[in-house]
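Peer 1: Supplied in structure tokens, the structure appears directly below.
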Amino acid sequence: MKRCMVMLLVCMSILITARAFADTYDAQWVAQCVSDNQSANVSIEVITKYCTCMNNKMSSDETRSITEWEKTHPQERAECDRVAGWK
């Protein structure tokens, strides 16, 4: 029983640590997307909401940036435009 609890604790620690790295990685992707779209004629809030939406639609193993990925996914881009209120 003790061994099972230790293994459970180790697994939970790994999962929590992996999620923290994923959050940092996601934040970097969103920040790059916001930077890529700074010249757009919309507020930073709209850009951030758009980039977050696009990031959430991408798979976690995607290697392209949001800006590169959106060019090959017009349906997702249109959905995120609508969600963010990009006009």
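Any read-out appearing in this document is the output of simple, stated calculations on the displayed coordinates, not a laboratory observation. Because the structure is a prediction, the values reported are computed rather than measured. Note: ideal-geometry Cβ built from the backbone for every residue, glycine included; neighbour counts use all protein chains shown.
Peer 1: What are the residues in the stretch 35-45 that are surrounded by fewer than 17 Cβ atoms within 10 Å (Cβ to Cβ) and not charged (D, E, K, R), if any? Outline the logic, then answer.
Peer 2: Of the residues in the stretch 35-45, the ones surrounded by fewer than 17 Cβ atoms within 10 Å (Cβ to Cβ) are 35-36, 38-45.
Listed by number, the residues that qualify are Ser35, Gln38, Ser39, Ala40, Asn41, Val42, Ser43, Ile44.
Peer 1: Residues of the stretch 52-82 being in a helix (DSSP H, G or I) and either of a type in the set (Phe, Trp, Tyr) or surrounded by fewer than 16 Cβ atoms within 10 Å (Cβ to Cβ) (or both), which ones?
Peer 2: Asn56, Thr67, Glu68, Trp69, Pro74, Gln75, Ala78, Glu79, Arg82
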